[in-house]
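Engineer: I am attaching a structure below and will ask some questions about it afterwards.
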Amino acid sequence: MKLGLPQFSYSKGLRDLGNGCYAWLQPDGSWGFSNAGLITDGQEAMLVDTLYDLNLTREMLAAMKRVIPNQTGRIATVVNTHSNGDHCNGNILVEGADVVASKATAASFAHESPQMMDQILKESEKMGEVGKYFKQCFGKFEFSGIERKPPTTLFEGRLKRTVGKKQVELIEVGPAHTAGDTIIYVVDCGIIFAGDILFIEGHPLMWAGPVANCIKACQIMLDLKPKIVVPGHGPITDVRGVSAVKEYFQYVAAEARKHFDSGRDVLEAARQMLDGPYADWNDGERMAANVAMIYRELRQETAPPNMLQLFGLMAQLASTTKSMSTAINQSR
C-alpha cells in the first residue's frame, strides 16, 4: 500500500507544500536519510531539523536560501524534533539561529555524538556481523569534523511560536521514538512535521518507548486532522500514513506480547511477525529492535537499552530473513 501523496514526488530535494512551507526529502528514507522542513512568512523563517552530516546540510540550506523571503536567506530558528544525529548534526551551519527543542531532547544530546559514530565506524571491521551491518547503515555519512550545536531554548509540553503571521505549535509527544520527541504543527496550513514518530513505507523504530506513547503520538496527530504530514523518513503523506504507523505499533505491541507469553525469544518472534501485514515495508530487520524494546517493557526493565545489542539483533535478523534492509540490498 502506497502512503505517499502523489502530488509530491519522492525524490531528493525541496518540495513546495504551499503557503510558504517546504519539505526537504532524502530518499530512500532508510538509515540516516531523513527529511527536514522549512516554514516561512514575511521576512521570517523556521527550519525543522538539520541533517546527518555537514555536506548534506549545506546542500539543503543552499536550496532553501533561494525560497526564504528575506534578502539574506537568514533562518532565525531551528527546531530539533529529537536528538538523533540525522536530525540535528547540521545545527552548527545555521549561524546565529535559536535552536529550540524539548528539555528531554536536550538532555539526550550527549548520548549519540558524531565522534562516537565515527569511532564505531573506524572499529567496525573488528566487530563482526554487527560492525558490518553498522557500516552498511552509516558508512555513507561523514561524521568527522562535526561540532554539535545543542538547543538554546528548551520547553516542556507545548510551545507556541510565530513565523511571520503563521501560528506554529511545538508539541512534545515523547518519550516514544526517543526520550523527547516533538512534532511541529503549522496551524494556519494544516501541516505537521512529525520527526521520527513517522517512518512512511518503512518500519519505524522505538528507541525509547513505551509503545503506548508511540500509539498516543499518532493519535495526537490524527486529532489535529492535518492535510499534509512530513515524516522523519519516507514520502510526504497525510492522515493515512499516520493511521498506518499507529496500526503498526498496535500490531507489534499485541503480537510481541503473545510471543513473550509463549516464551519465544526476540529473534524468533520478530521473524514470525515479519511474515505479517508489514512484510513489504522497508528495513524489516528493525522489527527485532521494536520487539526487544517491548520485551523490556513486559519485563519492567528500567536501565537504558544497550544500543549495540539492539543493532546486533537487527544484524542477525537482516542476515537470516528475506526482509533485508534497504542498505544491505543496495550494497549487493
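Each value in this text was obtained by applying a stated rule to the coordinates, not by laboratory testing. Since we're looking at a predicted model, the values are computed, not measured. Glycine gets a Cβ as well: all are built from the backbone with ideal geometry, and neighbour counts include every protein chain shown.
Engineer: Could I have the simple spin-label model distance between residue 92 and residue 320, label points 7 Å from Cα toward Cβ, reported in nm to one decimal?
Structural biologist: 4.1
Engineer: To continue, here is another question. If the only charges are +1 at each Lys and Arg Cβ and -1 at each Asp and Glu Cβ, what is the size of the charge dipole of the range 59-156 around the Cα centre, to the nearest 20 debye?
Structural biologist: Details: 11 positive and 12 negative charges, 39 e Å.
Charge dipole, the range 59-156, about its Cα centre: 180 debye, nearest 20.
Engineer: Helix 239-261: angle to the longest alpha-carbon principal axis of the chain, degrees 0 to 90, nearest 10?
Structural biologist: It works out to around 30 degrees.
Engineer: Would you please report the Å³ per residue occupied by the convex hull of the alpha carbon atoms in the chain?
Structural biologist: On the way: hull volume 40.2 nm³, N = 332.
Expressed per residue, the convex hull around the Cα atoms of the chain is 121 Å³.
Engineer: Then there is this: As I understand it, the dipole of the chain uses +1 on the Cβ of Lys and Arg and -1 on the Cβ of Asp and Glu, about the Cα centre. Which of 19, 317, 205 lies farthest toward its positive end?
Structural biologist: So the residue furthest toward the plus end is 19.
Engineer: Shifting gears a bit: Helix 128-138 versus the longest principal axis of the chain: what is the Cα-based angle in degrees, 0 to 90, to the nearest 10?
Structural biologist: For helix 128-138, the angle is close to 20 degrees.
Engineer: Same structure again: What length, rounded to one decimal in nm, is gained on full extension from residue 309 through to residue 62, with 0.36 nm per residue of separation minus their alpha-carbon distance? Write out the running numbers ahead of the final one.
Structural biologist: Values: separation 247, 0.36 × 247 = 88.92 nm, distance 3.81 nm.
Residue separation times 0.36 nm, minus the Cα-Cα distance, leaves 85.1 nm.
Engineer: What is the antiparallel percent of DSSP beta bridges lying wholly in the range 13-331, to the nearest 5?
Structural biologist: Numbers: 29 of 44 bridges.
So the antiparallel bridges amount to about 65 percent of the total.
Engineer: Sticking with this structure for a sec: Measure off 7 Å from each Cα along the Cα-to-Cβ vector at residue 55 and residue 296, then give the distance between these two points in nanometres to one decimal.
Structural biologist: Calculated label separation equals 3.3 nm.
Engineer: Turning to a different aspect of this structure: Return the aspartates and glutamates within reach of residue 140: Cα separation strictly under 16 angstrom, same-chain partners fewer than 8 residues apart disregarded; answer none if there are no such residues.
Structural biologist: Partners found: 28, 53, 59, 86, 118, 123, 125.
Engineer: Highest first, please rank the peptides 28-36, 301-309, 145-153 by the mean number of other Cβ atoms sitting within 10 Å of their residues. Let's see the in-between values first.
Structural biologist: Numbers: 28-36: 24.1, 301-309: 10.9, 145-153: 16.3.
Top to bottom by mean Cβ count within 10 Å: 28-36, 145-153, 301-309.
Engineer: With labels modelled as points extended 7 Å from the Cα through the Cβ direction, what inter-label distance (nm, one decimal) is found for residue 119 paired with residue 2?
Structural biologist: In this crude label model, residue 119 to residue 2 measures out at 4.5 nm.
Engineer: What is the packing order of peptides 250-262, 45-57, taking the mean over residues of other C-beta atoms within 10 Å and listing the highest first? List each step's numbers first, then the result.
Structural biologist: Values: 250-262: 16.4, 45-57: 25.3.
Taking the mean over residues of other Cβ atoms within 10 Å, the ranking is 45-57, 250-262.
Engineer: Relative to the longest principal Cα axis of the chain, at what angle does helix 54-65 sit, 0 to 90 degrees, rounded to 10?
Structural biologist: Computed tilt is about 40 degrees.
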